[in-house]
Every structure is written in structure tokens, then in C-alpha cells.
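A quick write-up on the structure given underneath.
The values are calculated or read from the model by the stated rules, or taken from the named source; none is laboratory data. Values in this document were obtained by computation on a predicted structure and should not be read as measured data. Cβ sites come from the backbone with ideal geometry, for glycine too, and all protein chains shown count toward neighbours.
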Amino acid sequence: MYKTIFTTVLLSIILIGCMDKEALNEIPVLDYPDVMRDSAVVDDYHGTQIADPYRWLEDDNSDETRAWVKAQNEVTQSFLSEIPYRQKVVDRLSELWDYEKFSSPFKEAGKYYYFKNDGLQNQSVLYRMSDEGPDEVVIDPNGFSDDGTTSLAGLSFSKNGKYAAYYISEGGSDWRKGYILDLDSGEKLGDELNWIKFSGIAWAGDGFFYARYPVSKDGDELSGKNEYHSLYYHKIGDDQSKDELIYKNPDFPLRNVGGGTTEDENWLVVVESESTSGNSLRIKNLKKSGSAVKTIIAGFDADYNLIDSEGDLLIFLTNDEAPKQKLVTLNTVNLDAPMKDLIPESDDVLQSISVAGGKIFAEYLHNASSQVKVFDMKGNYLSDLELPGIGNISGISGKKDDTEAFFSFSSYTIPTSIYSLDTETLKYEVFKQPEIDFDFENYTTEQVWFTSKDGTEVPMFLTYKKGLERDGSNPTMLYAYGGFNISLTPGFSISNLPLLENGGIYAVANLRGGGEFGKEWHQAGTKERKQNVFDDFQAAAEYLIAEKYTSSEKLAIRGGSNGGLLIGASITQRPDLFAVAFPAVGVLDMLRYHEFTIGWAWATDYGRSDDPEAFKYLIEYSPLHNVKPVAYPATMVTTADHDDRVVPAHSFKFASELQNKHTGDKPVVIRVETSAGHGAGKPTSKIIEEQADIMSFMFFNMGEEMSFEVKG
């Protein structure tokens, strides 16, 4: 079973103070930096000449790029400093954030572990429960760096519970360093592993499997193309140079590999992928000396995710001939026999599987909300697990032979709470519940359906204060993603409270391209069908306006990564539809995205510009290449200097072109975070500052007069 520990700390923000209408409407006139446009850089795409005047901004190590970042940040901070309540936002957010946050406990070798953040700690701390006295600190990432920008980025325990292997990320980078902790003594061993990226930790005996890249060239660490991903085995105490190469495919440098072991450590499962969808499948018998890696599935037409083993059977979650996924078994006694269904495909998407207490807990998505069905290990349905409400469950954390398990649950109006579950009776009770000074009973969430451009019905969640008047005046934040089979499910965030408290609306649209309704829903928003995603989003905005939830003057839009592409495409296609826009760490140059780091792996969703047919549709919506001389919404592009997932050059070039062609008087700025990456592991202090800037920018540019209760 893959042993990955995720700690999700929900972002939070609230505004304090108010100002008069005249002050709110006085938007400062910005003096944007003079940005060099190099007319000599022109590329030929299948006979079409495309200029790229900001190509020089792709060099993140140059003095010119550093000077550009400095100048742009000065303009942005100058504008933000004009917002009278900005510091009050930071103060109130810090006050709200200051409560204990817990992860679900998990059991390793008879001992329980959990993550906790006291409130304003930059990073959550790993604890071990103690029968006597206070719980013990096992790993405190806050000590990794002075400013909290180094985070814990992976963790797995040896089967005997003696060791924990863990990764760290520095400055938010996707690059990982690996270490081993002796859990008895608390001492870090001398092992250090480098050049790790996109890798789990799969223990077997006195070592573990992990994936890494070759050593990068100096200066290419954050932007160079990632090639020749390989799977290795590291034995405790060895230098990394002695690690055993398990699998490498030198004929295909643009493939990623990964390894997972079953809970009994009898089998290694090796997966290889060419993109973010579909993987080949190979297995190796770890108990048979000299066993070779045997190919089970050679192609990339479907996804196979290892769940665990049961006797001679390996259990996989797959979408092979099952767009909404199913659970299947592979008989290791006869590897040539076809896989058999354990839990067949149903009408709802089978999102994830947990095994605990001798039962299979299957999490389904029904109209983008969690439902859990319980089966025995032979796939026989037992019952539903009734959840606390309509929302999102994190999955069941427990051991196969134990009767106690844990899960977390949240929704837009239910803060993340931890529950302890009796796997025999399926009864549960609150284990940890946050204490937040907010009356959630006064707020509600509804799900609405709107019609997209081609007639497709698309769902959207709306959260607001009970008794809301639909008069078109409500400030609204519309959020979406729409890609890579990612599902947006109801989850709690304090960052929404200022909208809710002031009669506003938080809207989340479940666009095509996501995974809410299975493989077909995902594929309907990919490649030449990507425009469906933008059409869905614009239809969501038009629905909110037509139904008088809000108006164009009170509508803000936000999305990150692929969602940043969504926002960039939306404002270049319909700049009139929105008041404020936040494209975050976005994929904005669709002609060159595949030239950097792991960008090539996104081609299954996007297509590549070196394909003549793909170029035709990419150039039609690529945000960078569709900026026109018109008035754009108030826009704050956000990115980070250590983002090596979606390199910041996307945002640098897009912001430069927006400023060059923007004809309106609303601000178009970029906020470049330092010592931060794509988002994971960002310290609390930086999150608070960023969220305060975003929400201040939104309200200020809507001209909203807002009132807040000042506490403390």
C-alpha cells in the first residue's frame, strides 16, 4: 500500500474596518515599469510566425529578470499600501488563524502519530501519542529553516516502526531531499538522498524504493526540463551512490516512474507514465530472490493505482473500461489471467479506496460530494457510512486488522473535524473539533445547475448567509479548476468568511475537465475540447448575473495552476464579464509550457504546439497570445520565484503583455512571492500575507464598503 501522509491546512482570511465610499472609489493611477520587448524573437509554428518579445524573462537567473521582479513588486506593494484596511486584514486573519489544527491520527507499529499546528506555526508538527505524559514531538519542520520556508514533503514508516523516511522541500520547490529518522532515539541518520522529485517512499525490508532524476546542470534546477526519471532502492546506511537501480527506460526520457509496495512487503508495483493520465503496470516478487520486473500492462490507456494485497491477489483502482472507476484484482499465481472485478463500476465516480478493520471503504462522488459505501474484502456490499452532512471526507485512516480508524470531514460551512470510527459497528464520534468564533448556523450551501454554451448541464456550489437578497449587489468570488481529472469537493476555508459576513457569495463551479463525473467528463475538457472549460466558466458567471446573485461589477474570479490558465483565458475572452481577476501560478504560455520542468507531462490534457493540429487550438486560447488592446478587469497575477512546477516565466510574460495592452484605469499588477513555490508547504506567515493582499485587492477594486467586528 502507498503510505503517504497528507496534512491539509485550510487557508483563512477576514477583513476588518470600513471606509467611506469616496475613498473606496479612488483607485490610484499606476506607473508600470518599462519592460523591454525584443522584436527579434520570432518562432515559426508550422508556417505561422509568432513573436515572443518577453522570451528573456524565461531566464530566472538573469540580472534583468531579477530587476523586472523587483520593479513589479514595488508597483504592486505601492498599490496595496494605498488600501487603508490592509494591515487590519493581516491582524484579523492572524487572530482567526490562531486555533489548533489536527490531522487524522494514523497507526504505525502499534503507535499512533498525528500532525498538529498550534495555530500560527509556519509548519505543522508530527507527534507520537504517549500513554503517559505529554505526546512526543517526532519531527518539527519549523526547525528546518529560520523563516519557515522549508517544509516536510513526504513521510513513510518502516514496517517494524523503527525508522521513518522523510522528504523536505526548500522554498516550495518540487525538488526533495530525503532523510531517515531513528524513531527510538529521535536521531537523524547520516543518509541523505538528493535529486528526488515526484516520488513516494515504499519500504521493503531495511530500505525503501524511491524515484529520482539525474543531477541537474547548474542554474537549471528550477526551470530545466526533467528527463530520465528512474526508480531506485536505498538501503539504510548506504551512500546514495550505492543505491540499486530498479527500473529505468532510457529510450523514453520523458516518462515518469514510481514504485509502491504492498502492506506485507511481498510485492513491488512499478508504474510508468507519459503524462498525468494513464500508466503502465509492472510487478516484482520481493520474496523471491532474483525475481524480475514483469510487465502486466504495457500501454497508457488507463490508470492503475495499487490499493493493497489480499492473499494471492493484488488490488487496484482503475478506470480501464470503467470511466467512473472500479476495483479489480490481479491473481499473482497466474499473472497471465485477466483481472477480475472486485467492486464493479457504478453510476457515481469511485474516487478513492481505504482498507481498515477488514473492510473496504469506497468513497464515491455523488454530484461532487462524498458518499462512502462499505464492502467486505470479497467485494460484497455491507452498508453505507452515513456522513455528518453534505461535504468532503478525507478517507479512512486505519490498519487492516484494527477495529479503530479515523477520518476527517468538512464542508463549506463545517470546519474540518476529526472523527474516530469503530470499523465493526460503523459508529463514529468527534475526536477533535476546531473552536472558531463564527456562527456557522447562519450560513447555508446550495447546489445549482446551469447550462453551458453547448447545452451541457454543469453544477455549482453557492455558499452565503441565510436570507440573502438576490438583487445583483452581492460581492462574489467564483472559483474553479477544470482539468487533469481533479475534483473540487466541498471544503472549509476561513478565507471565505469576509464575503459571507458581508452578504457575499462564495461560488465553486465543477467544470468539465475535472473528475467529478468520471473519465468522460474529464476528457470533455481536454485538448481540442479545452474551450468547453472556458465556456462552462463563463456560463457560470452569466448564470450568477442572470439570477441576480451578483453583477459584473461585483464578480471576482480566481484559480490556480491549470485554474490560472482558466482565469487568464477567461479575461482575455470576456474582459467585460468580471470586476476582479486572480490568475495564480498559471499555465499562460500554451505554446512553450512543455519546454520547462515537468510541463511535457501535461500534454494529455493540452496537446503540444509542435503538433500542427494542436497548435491550431492552442493559439486560439493561449492567454499570453490573446491579450488585446482593451480594458481588463482589475487583475493581480500571483506566482513565486521557486515555482518549478509551473515556472514563473508564464506569469512574468503574461503580466508584461497585459500591462502593455491594457487600456483601462483598473490596476493590472503581479505579486511575486520569494522563497515559495507552487503552493505546497508554504509557511503560515506567507499564506496570511498573500491572502490579505488578495482579499484587500478584491474588495478595494469593487468599491465595497464593508463592516467587521474587531476582536481583542
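A few comments on the model shown:
- For the stretch 181-205, the set of residues classified as over 22 Å from Tyr247 (Cα atoms) and touching a Ser or Thr at 6+ places or on another chain (Cβ under 9 Å) consists of Leu183 only.
- In the set (1) closer than 18 Å to Gly503 by Cα; (2) modelled with pLDDT of 95 or more; (3) touching a strand residue (DSSP E or B) at 6+ places or on another chain (Cβ under 8 Å), Phe440 fails one condition alone, (2).
- Those strands (runs of 3 or more DSSP E) of the stretch 196-307 in which 2 or more residues are among the basic types (Lys, Arg) occupy 280-285.
- Residue match in the stretch 574-592 (condition: assigned to a helix (DSSP H, G or I), crowded, with 24+ Cβ neighbours inside 10 Å, of a type in the set (A, V, I, L, M) and in the same structural domain as Val630 (by TED's automatic domain parsing)): no
- When Lys711, Lys682, Lys616, Lys666 are screened for being at pLDDT below 95, over 28 Å from the mean Cα position of the chain (by Cα) and over 23 Å from Trp56 (Cα atoms), only Lys711 passes.
- Meets criteria (without any contact (Cβ under 8 Å) to a residue 24 or more places away in the chain, out of contact with any Leu (no Cβ under 7 Å at 6 or more places or on another chain) and small (Gly, Ala, Ser)) for Gly278: no
- Single unsatisfied condition, Pro250 versus (1) surrounded by fewer than 16 Cβ atoms within 10 Å (Cβ to Cβ); (2) at pLDDT 95 or above: (2)
- Between Leu189, Leu193, the distinction of being farther than 30 Å from Lys294 by Cβ, out of contact with any Pro (no Cβ under 9 Å at 6 or more places or on another chain) and not aromatic (Phe, Trp, Tyr) belongs to Leu189 only.
- Verdict on Ser103 being in contact with a helix residue (DSSP H, G or I) (Cβ under 9 Å, 6 or more places away or on another chain), surrounded by 14 or more Cβ atoms within 10 Å (Cβ to Cβ), within 30 Å of Pro498 (Cβ to Cβ) and not assigned by TED's automatic domain parsing to the domain that holds Val647: no
- Filter result for Gly568 (of a type outside the set (A, V, I, L, M), buried (at least 21 other Cβ atoms within 10 Å of the Cβ), under 24 Å from Leu254 (Cβ atoms) and touching a helix residue (DSSP H, G or I) at 6+ places or on another chain (Cβ under 6 Å)): no
- The criterion of at least 2 residues that are within 21 Å of the chain's Cα centre (by Cα) is met by the following helices (runs of 4 or more DSSP H) wholly inside the stretch 464-563: 519-523, 531-546.
- Candidate set: the stretch 391-437, residues that are in contact (Cβ under 8 Å) with a residue 60 or more places away in the chain and among the aromatic types (Phe, Trp, Tyr); chosen: the one surrounded by the fewest Cβ atoms within 10 Å (Cβ to Cβ): Phe431
- Members of the stretch 356-404 that are in contact with a Pro (Cβ under 8 Å, 6 or more places away or on another chain) and farther than 21 Å from Gln447 by Cβ: Ser397
- Taken over the stretch 51-79, the criterion of being under 27 Å from the mean Cα position of the chain (by Cα) and surrounded by 15 or more Cβ atoms within 10 Å (Cβ to Cβ) is satisfied by Leu57, Glu58, Asp60, Val69, Gln72, Asn73, Thr76.
- Among the residues of the stretch 167-195, just one is crowded, with 18+ Cβ neighbours inside 10 Å, at pLDDT 95 or above and among the hydroxyl-bearing types (Ser, Thr, Tyr), namely Tyr167.
- Residue match in the stretch 620-638 (condition: modelled with pLDDT of 95 or more, in contact with a His (Cβ under 7 Å, 6 or more places away or on another chain), over 26 Å from Phe438 (Cβ atoms) and of a type outside the set (Gly, Ala, Ser)): yes
- Consider the stretch 196-224 and keep the residues that are modelled with pLDDT under 95 and of a type in the set (A, V, I, L, M, F, W, C). The one that is surrounded by the most Cβ atoms within 10 Å (Cβ to Cβ) is Leu222.
- Looking only at residues of the stretch 516-525 that are touching a helix residue (DSSP H, G or I) at 6+ places or on another chain (Cβ under 9 Å) and surrounded by fewer than 23 Cβ atoms within 10 Å (Cβ to Cβ), we find that the one that is nearest to Trp600 (Cα to Cα) is Gln523.
- Subset of the stretch 336-359 that is in contact (Cβ under 8 Å) with a residue 12 or more places away in the chain and in a loop (DSSP other than H, G, I, E, B) - its residue that is surrounded by the fewest Cβ atoms within 10 Å (Cβ to Cβ): Asp347
- Selection count where residues are in contact with a Phe, Trp or Tyr (Cβ under 9 Å, 6 or more places away or on another chain) and either at positive phi or part of a strand (DSSP E or B) (or both), scope the stretch 98-149: 21
- Failed criterion for Glu95 (all others in (1) in a helix (DSSP H, G or I); (2) in contact with a helix residue (DSSP H, G or I) (Cβ under 8 Å, 6 or more places away or on another chain) hold): (2)
- Subset of the stretch 395-416 (residues that are under 17 Å from Gln371 (Cα atoms) and in contact with a Phe, Trp or Tyr (Cβ under 7 Å, 6 or more places away or on another chain)): Gly395, Ile396, Ser397, Phe406, Phe407, Phe409, Ser410, Ser411, Tyr412, Ile414, Thr416
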